[in-house]
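Asks: Have a look at this one.
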Amino acid sequence: MHMPKSKDFEMRLQRTEQQLALFQKISRFMVREMSLTEVLQGIVSLVVEFSQCDSCLVYLLEGQELVLCASNTPHPSTIGKVRMRRDEGLTGWVARERRLLAISREAFKDPRFKTFGELPEDTYEAFLSAPVIARNRVVGVINVQHRLPHQHTGSEMEVLTTVGEQVGCVLVLAAMPPASLAAANHVELVLSSGPVSMKQ
């Protein structure tokens, strides 16, 4: 049975409004004076609320290792302790390939999957992952997982890709000392960056 067009349109509009609200809330985290830990935890909570997932994890690169830095189910013993090399696991693949990865069922059977043992996510079915991009470089990975099989929509994939880019911006801002921001001549920075090229 087909859904009436008006109902389908209403649902799509509602989802678009939810996406906009998510991006606005993340944007507000970026301009507040909060610790990086608080910002990442806040973003993770927003993603969980939006995607109705069971797990959201943020890994950041330290040298050649991906380190778990934020989780919606914080296990104090795992934050900062769970690590994997860039050549390990689905998360490592996303960091290396700089590509989104979506698996709707039995993610743990994928030959690239790495089991940790101490994480409940080891047995979750669905896996969606996007690189965290800062200044055009991969600096981490954000993962969304569902316990049960879940068919990811194009909208969900696009949202996680954008959130990965927003997290990258947060990291760039966090690395900038407040004094340099206060002393920066933004007009000079813009004008010295060269003329705008208008592509036809």
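Asks: Simple spin-label model, 7 Å along Cα-to-Cβ: LYS25 to THR115 in nm?
Replies: The modelled label-to-label distance comes out at 3.5 nm.
Asks: Compute the Cα gyration tensor for the stretch 1-59, then decide on rounded, prolate or oblate, letting a ≥ b ≥ c be the square roots of its eigenvalues: rounded whenever a/c is under 1.5, prolate when a/b is larger than b/c in the other cases, and oblate in all that remain.
Replies: oblate
Asks: Next up: Let me check I've understood the local charge: for ALA95, count other residues with C-beta under 15 angstrom from its C-beta, Lys and Arg +1, Asp and Glu -1. What total comes out?
Replies: Neighbour charge sum, excluding ALA95 itself: +3.
Asks: Let me check against my output: what whole-number percent is the relative contact order of the chain, with C-alpha pairs under 8 Å and at least 6 apart?
Replies: 17 percent
Asks: Which entry in (1) 17.7; (2) 16.7; (3) 18.3 is this structure's computed Kirkwood radius over Cα pairs in Å?
Replies: (3)
Asks: Taking only Cα atoms and a 10 Å spring cutoff, compute GNM fluctuations for the chain and point out the largest among GLY63, GLY168, GLY140.
Replies: GLY63
Asks: Cut-off under 20 Å on the C-alpha distance; same-chain residues fewer than 8 positions from LYS81 excluded. Which aspartates and glutamates are left, in chain and number order?
Replies: Cα-Cα hits under 20 Å: GLU38, GLU62, GLU65, GLU118, GLU121, ASP122.
Asks: Does the stretch 1-108 come out rounded, prolate or oblate by the C-alpha gyration tensor, with a ≥ b ≥ c the root eigenvalues, rounded set by a/c under 1.5 and, if not, prolate when a/b is larger than b/c and oblate if not?
Replies: Oblate shape, in that a/c is at least 1.5 and b/c is the bigger or equal ratio.
Asks: Whenever you get a sec, line up LEU191, LEU119 from highest to lowest accessible area (probe 1.4 Å, protein heavy atoms).
Replies: LEU191, LEU119
Asks: Excluding GLN52 itself, calculate the net charge of residues whose Cβ lies under 13 Å from the Cβ of GLN52, where each Lys or Arg counts +1 and each Asp or Glu counts -1.
Replies: The answer is -1.
Asks: Any chance you could look up the accessible area of PHE50 with a 1.4 Å probe, heavy atoms only, rounded to 10 Å²?
Replies: My reading of the accessible area for PHE50 is about 20 Å².
Asks: What order, most packed first, do the peptides 156-162, 126-132, 55-61 have when packing is the mean number of other Cβ atoms within 10 Å of each residue?
Replies: Final packing ranking: 126-132, 55-61, 156-162.
Asks: Given 10 °C and 1.306 mPa s, how large is the Stokes-Einstein diffusion coefficient of the stretch 104-167 in µm²/s, with Rh as the Kirkwood radius over Cα pairs?
Replies: Taking Rh from Cα pairs, D becomes 126 µm²/s.
Asks: Hey, what's the chain come to in accessible area per residue, 1.4 Å probe, Å²?
Replies: It amounts to 61 Å² per residue over the chain.
Asks: Can you bin the stretch 130-200 into rounded, prolate or oblate? Criterion: square roots of the alpha carbon gyration tensor eigenvalues sorted a ≥ b ≥ c, rounded for a/c under 1.5, prolate for a/b above b/c, oblate for the rest.
Replies: Verdict is oblate for the stretch 130-200.
The values are calculated or read from the model by the stated rules, or taken from the named source; none is laboratory data. All values derive from a computational prediction rather than experimental measurement. Cβ coordinates were reconstructed from backbone atoms using ideal geometry, including for glycine residues, and neighbour counts include every protein chain displayed. Surface areas here come from the heavy atoms of the whole protein model, side chains and all, with no ligands, DNA or RNA. Shrake-Rupley method; radii C 1.70, N 1.55, O 1.52, S 1.80 Å.
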